[in-house]
1. Take the range 15-36 and flag every residue that is assigned to a loop (DSSP other than H, G, I, E, B), open to solvent by 20 Å² or more (accessible area, probe 1.4 Å) and either within 16 Å of Phe79 (Cα to Cα) or basic (Lys, Arg) (or both).
2. For the range 101-113, indicate whether the set of residues that are over 15 Å from the mean Cα position of the chain (by Cα) and either charged (D, E, K, R) or within 12 Å of Val31 (Cα to Cα) (or both) is non-empty.
3. Which condition does Tyr44 not pass, out of (1) modelled with pLDDT of 95 or more; (2) of a type outside the set (Val, Ile, Thr); (3) within 28 Å of Ile15 (Cβ to Cβ), if it passes all the others?
4. For the structure I just gave you, tell me whether Val67 is under 21 Å from Ser12 (Cβ atoms), modelled with pLDDT of 95 or more and either of a type in the set (A, V, I, L, M, F, W, C) or within 17 Å of the chain's Cα centre (by Cα) (or both).
5. Please find, among Ser84, Ser12, Ser77, the residue that is surrounded by 13 or more Cβ atoms within 10 Å (Cβ to Cβ), within 24 Å of Pro104 (Cβ to Cβ) and in contact with a strand residue (DSSP E or B) (Cβ under 9 Å, 6 or more places away or on another chain).
6. Within the range 92-144, which residues are farther than 22 Å from Phe55 by Cβ and open to solvent by less than 60 Å² (accessible area, probe 1.4 Å)?
Amino acid sequence: MRLLIQRVKWASVTIGGRLYSRIGAGLLVLVGVGNDDGEEDLEYLAGKLIRLRIFDDEAGVMNRDVVQTSGEVLVVSQFTLMASTRKGNRPSYIKAAPEAVSRPLYERFAVRVGELLGRPVATGQFGADMQVELLNDGPVTIWIDSKNKE
């Protein structure tokens, strides 16, 4: 699984011209699920996300996590995070899991993040054509891959 995490002042998802979900200050999390991903990947990334200290403390140092700042979280599925651009100019999505695998993992990921956060998270709609808007704070953007634990 791959996450692209953005610290935001606000973020929203619009589908078909209608607002679907919106958060204030917190994290916008784009989630890509690969063919070989499972519960271990989900648990690792959910815990890492919630404990990620990317919010400023009183001294202006990134030393607080989303729980400590009472931040909100918006989780959006994005299969294009699994793109391979190794060959040619057209990305290949062969590493992205099929819907039968990725939808349940994405949905469980959102629920698990909510459990760790202590409240439900906002989500996008799996498979929908979504317009995602955000105001990146910092900017702070971080990529985490469960198969590459640095």
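The values are calculated or read from the model by the stated rules, or taken from the named source; none is laboratory data. Small disclaimer: the values here were computed from a predicted structure and weren't measured. Note that we place each Cβ from the backbone using ideal geometry, even for glycine, and neighbour counts take in every protein chain shown. Ligands, DNA and RNA are excluded from the accessible area calculation, which covers all protein heavy atoms including side chains. Shrake-Rupley method; radii C 1.70, N 1.55, O 1.52, S 1.80 Å.
1. Of everything in the range 15-36, those that are assigned to a loop (DSSP other than H, G, I, E, B), open to solvent by 20 Å² or more (accessible area, probe 1.4 Å) and either within 16 Å of Phe79 (Cα to Cα) or basic (Lys, Arg) (or both) turn out to be Asn35, Asp36.
2. No, the conditions are met nowhere in the range 101-113.
3. (3)
4. No; evaluated as a whole, the condition is false for this residue.
5. After applying the criteria, what remains is Ser77.
6. Selection gives Ser92, Ala96, Ala97, Val101, Ser102, Pro104, Leu105, Tyr106, Gly124, Phe126, Ala128, Met130.
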